[in-house]
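Read the structure below first, then the notes.
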Amino acid sequence: MVIDILTLFPNMFKSIFEESIIKRAKDLQKVTINIHNFRDYSLDKHKKVDDTPYGGGAGMVLSIQPIYDCVESLRKDYSKVILLTPSGIPYKQKQAYQLANEKHLIIICGHYEGFDERIRQIVDLEISIGDYVLTGGEIPAMVIVDSIVRLIPGVIKEQSHLEESFNKDYLLDYPTYTKPEEFKGMSVPEVLLSGNHQKIEEYRQKESLRKTKEIRPDLLEK
Ligand code: ADE
């Protein structure tokens with residue numbers, strides 16, 4: 001998979017893609033991630049990328065030209081172009097699975113007060129990572145890339161993500177423990193030490209359901 005990210009702040013991505021699972025995926029050549037500063041595509045003599053809004057109002061609006069030219073220089077007929085915006089479709093694990101099957105993603109990080117509405121005409125998908133407003137699309141881009149890259153076959157053990165939250169009937173993950181058996185009066189549930197695999201499985205299912213009821217009852221309604 002190739003992921004092209006369009007941003008005005010390329011330095012923000014420097015360390016995040018050089019650590020842990022994403023680095024591993026790059027080293028294994030499962031993914032290539034390119035960061036593009038779309039300011040480089042501005043035809044303005046001062047490399048301006050934004051302007052005041054037509055009709056008046058506060059703040060600056062990202063212009064279409066630099067983003068359009070940058071996207072079109074990268075686009076293949078199989079590319080999926082994503083715009084990150086708080087008014088996009090809420091991002092869910094199901095979408096991460098779908099995106100993990102794509103060959104080429106172009107991700108546009110919005111900034112400032114907003115972007116020229118016409119940018120929406122050159123994208124396939126608008127995504128929001130949650131109902132809050134961040135200063136730009138860079139952190140959402142990191143969230144999305146991280147969630148997708150770990151799902152590319154061969155990056156992590158498939159069993160790991162089949163067992164985690166949101167994959168089993170919209171239930172949260174069951175609790176896990178490791179050594180020691182006892183720590184400052186807090187102990188590991190007996191059943192996990194029993195070696196009885198059927199009982200352990202039952203316990204995990206029950207705990208998954210209990211946690212979901214307590215923390216995310218909305219998931220059970222699905
Ligand atoms: N840009 C600013 N806030 C955002 C959000 N919540 N999701 C995606 N992009 C954003």
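Just so it is clear, none of the values below were taken in a lab; they were calculated from the coordinates. Small disclaimer: the values here were computed from a predicted structure and weren't measured. A quick note on method: Cβ atoms are made from the backbone with ideal geometry, for glycine too, and the neighbour counts reach across all protein chains shown.
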Sorting Ser63, Leu8, Tyr78 by the position of each Cα along the dipole of region 2-158 (Lys, Arg +1; Asp, Glu -1; all at Cβ), the one nearest the positive end of that ordering is Tyr78
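Kindly work out what percent of the DSSP beta bridges joining two residues of the chain are antiparallel, to the nearest 5.
On the way: 5 of 27 bridges.
Here the share of antiparallel DSSP bridges comes out near 20 percent.
Kirkwood hydrodynamic radius, computed over distinct alpha-carbon pairs, for region 111-196: how many Å, to one decimal? Please list the in-between numbers first.
Values: mean 1/r = 0.0570 Å⁻¹.
Roughly 17.6 Å, rounded to one decimal.
Restricting to Cα atoms and excluding each atom paired with itself, what does the Kirkwood estimate give for the chain in Å?
Working: mean 1/r = 0.0497 Å⁻¹.
Kirkwood radius, the chain: 20.1 Å.
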Calc'd 3J(HN,Hα), region 133-144, phi into Karplus 6.51 cos²θ - 1.76 cosθ + 1.60 (θ = phi - 60°), Hz, glycine/Pro = x, comes to 10, 9, 6, x, x, 5, 5, x, 4, 5, 4, 5
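When a/c reaches 1.5 or more, the comparison of a/b and b/c decides; with that in mind, is region 96-135 rounded, prolate or oblate per its Cα gyration tensor? Before the final figure, lay out each step's value.
Numbers: a/c = 2.52, a/b = 1.41, b/c = 1.79.
Since a/c reaches 1.5 but b/c is at least a/b, the shape of region 96-135 is classed as oblate.
State to the nearest 20 debye the size of the charge dipole of region 2-158 about its Cα centre, where the only charges are +1 on K and R beta carbons and -1 on D and E beta carbons.
Working: 19 positive and 21 negative charges, 108 e Å.
Here the size comes out at about 520 debye.
Hey, any idea what Rg/Rh is for region 163-221, computing Rh the Kirkwood way over Cα pairs? It would help to have the intermediate numbers written out before the result.
Values: Rg = 12.8 Å, Rh = 12.5 Å.
So for region 163-221, dividing Rg by the Kirkwood Rh gives 1.03.
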For Met1, Met186, ascending order of other Cβ atoms within 10 Å (fewest first) is Met186, Met1
Here, region 1-100 modelled as identical Cα point scatterers in vacuum has Debye log10 I(q)/I(0) at q = 0.22, 0.25 Å⁻¹ of -1.36, -1.43
Scoring region 163-221 by relative contact order with C-alpha pairs under 8 Å, at least six apart, yields a percentage of 39 percent
Those chymotrypsin sites (Phe, Trp or Tyr not before Pro) from region 89-169 that are DSSP loop and have at most 10 other Cβ neighbours within 10 Å turn out to be Tyr132
